[in-house]
Amino acid sequence: MPNNAKPAGKTEPQKSSHFRLSPISRVNAEHYRWGHECDAWHLVKDPAFTVIEELIPPGAAEVRHYHKKAQQFFYILSGEAIMEVEGEPTLLAAGTGLWIMPGLRHQIRNPSSGPLRLLVISHPPSHGDKHTD
């Protein structure tokens, strides 16, 4: 088989208009702020899903909310978080995560004295689907 031939039945992955074949980090990702002092970077911003790295300073928290469509996975990179889901708090240490389904009221906060770094993966994207009522 020639070097550039593809095996039968194999297709190239679909590339969105946002696809980049280069390393993505906080250095070159789209940045935004939320809350009073929290930072976020869109590592992947696609119509189907997003991957966001967030930095939450000590004592900061997101407002309690839910999403009608988006499911999310929160993965702690460093620090620790308390994720409250439907009134039940769960401590998340570095290297652990929590999957939140649509409709569940949730709130993440940083109870520690150090910064919290985490990934938030949403399908579909959660921006525009945040409800506090």
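Any read-out appearing in this document is the output of simple, stated calculations on the displayed coordinates, not a laboratory observation. Treat the numbers as computed from the prediction; the structure is a model and nothing was measured. Please note: Cβ atoms are built from the backbone with ideal geometry, for glycine as well, and neighbour counts cover all protein chains shown.
Using only the Cα atoms of the stretch 34-123, build the gyration tensor, take square roots of its eigenvalues as a ≥ b ≥ c, and label the shape rounded, prolate or oblate: rounded if a/c is under 1.5, else prolate if a/b is larger than b/c, else oblate.
Numbers: a/c = 1.58, a/b = 1.19, b/c = 1.32.
In terms of gyration-tensor shape, oblate.
If you stretched the chain out fully between Glu84 and Asn28, how much longer would it get, using 0.36 nm times the residue separation minus the C-alpha to C-alpha distance?
On the way: separation 56, 0.36 × 56 = 20.16 nm, distance 3.15 nm.
That pair, Glu84 and Asn28, stretches by 17.0 nm at full extension.
HN-Hα J couplings of the stretch 47-59 from phi, Karplus 6.51/-1.76/1.60, θ = phi - 60°, integer Hz, Gly and Pro as x?
Once rounded to whole Hz, the list reads x, 8, 6, 10, 10, 10, 9, 10, 10, 10, x, x, x.
Distance between the C-alpha centers of the stretch 49-68 and the stretch 105-133? Whole Å please.
2 Å
What list do you get for Val85, Val27 if you sort them by fewest beta carbons within 10 Å?
Details: Val85 18, Val27 8.
Fewest-to-most Cβ neighbours within 10 Å comes out as Val27, Val85.
Can you give the local net charge around Ala94? Use residues other than it whose beta-carbon is closer than 9 angstrom to its beta-carbon, Lys and Arg +1, Asp and Glu -1.
Numbers: positive: Arg117; negative: Glu80.
Counting the neighbours of Ala94, the net charge comes to 0.
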